[in-house]
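The values are calculated or read from the model by the stated rules, or taken from the named source; none is laboratory data. A quick note: this is a predicted structure, and the numbers were derived from the prediction, not measured. Positions of Cβ are generated from backbone atoms using ideal geometry, with glycine treated the same way; all protein chains shown enter the neighbour counts. Ligands, DNA and RNA are stripped out before the accessible areas are found, and what is left, the full protein with its side chains, is counted by its heavy atoms. Shrake-Rupley method; radii C 1.70, N 1.55, O 1.52, S 1.80 Å.
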Amino acid sequence: MDDPDEQRSSHNNLDEIQHELSESDSASCNSISNPYYDGPIGDETEGSSEGTQPLERRGSSRSVHLKQPIKNNEVVIVALDLGYFKTCIGFLRLTQLILTSVTLMCLVLSGHKEGGLLLLPLSWHFRIMLFVLVLTFLVSLVSLVASVTTLTAMFAIEWNFVDMVLYSVFAFLYLVGTSLVASAFDFYQKMKTNVSNQTVQQLMVVVILGYICMAVYGMTALVSYRQWRLQYRLYQRRKLLEEDEIDL
């Protein structure tokens with residue numbers, strides 16, 4: 001039989017070995033080289049904090065929570081800004097929409113006694129004017145709705161510069177289309193065609209409204225140019241101030 005003193009010494013040695021193993025385990029948990037360490041064991045059983053996702057440690061019987069950021073979903077807020085109509089550019093866009101729709105109706109209703117607008121002589125002149133009217137009406141409608149609902153703020157675009165170029169092109173298109181309609185009814189009067197005087201008068205109204213639309217679109221381009229120029233000057237001043245602060 002073994003000596004009782006030897007049994008006590010063996011038990012003491014086993015206790016010392018277990019204590020050393022437990023200390024080495026805790027040291028490995030606190031080590032920087034351990035990627036799975038996230039605080040004491042008591043904190044690992046708690047729920048994950050806001051903005052983190054729990055992950056289970058592979059090869060271990062216990063779960064370890066690793067903090068990982070959660071991407072927040074971007075939210076787009078659409079607000080109705082009726083005060084936009086009180087601005088200069090808002091009033092001009094509303095005027096564009098009304099004048100374009102009235103001009104389009106007058107042009108479509110012309111030439112009913114002769115069987116329709118597209119059956120008149122030089123009908124390709126009217127086709128070009130119809131294209132200009134429909135194009136500008138749709139663009140003006142979309143632009144007005146986007147500006148009133150503040151959807152334009154979603155895109156990082158210099159809208160004043162875009163409006164300046166776009167409405168300058170539209171003003172030129174109205175000049176071309178209206179001049180073609182004017183040349184058509186002038187041809188009817190000089191060549192003494194069978195086109196009725198009522199149709200000629202309707203075309204004259206279309207020409208007058210077309211030139212007014214050209215002026216409104218040109219004014220919109222001018223206002224957009226002035227706003228873009230003002231913003232560009234402010235940007236240049238801010239840039240100079242930032243450069244002066246860097247030099248100091």
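Once both labels are positioned 7 Å from their Cα atoms along Cα-to-Cβ, the gap between ASP81 and LEU135 label points is 2.8 nm. Annotation: extensible slack from LEU97 through SER183 equals 28.4 nm (criterion: 0.36 nm per residue apart, minus Cα-Cα distance). Using only Cα atoms, locate the centre of the stretch 151-188 and the centre of the stretch 190-230, then give the distance between them in Å, rounded to an integer. Cα centroid to Cα centroid, the span is 11 Å. For ASN197 and LEU222, a Förster radius of 41 Å and the Cβ-Cβ distance give a FRET efficiency of 0.65, rounded to the nearest 0.05.
When the P(r) of the stretch 83-247 is calculated, the portion above 29 Å amounts to 34% of the C-alpha pairs.
How many Å² of accessible area per residue for the stretch 80-224, probe 1.4 Å?
Numbers: 7600 Å² over 145 residues.
Normalised by residue count, the accessible surface of the stretch 80-224 is 52 Å².
Protection proxy ranking for 143-154, 228-239, 202-213, using the average of other Cβ atoms within 10 Å per residue and placing the highest first: 202-213, 143-154, 228-239.
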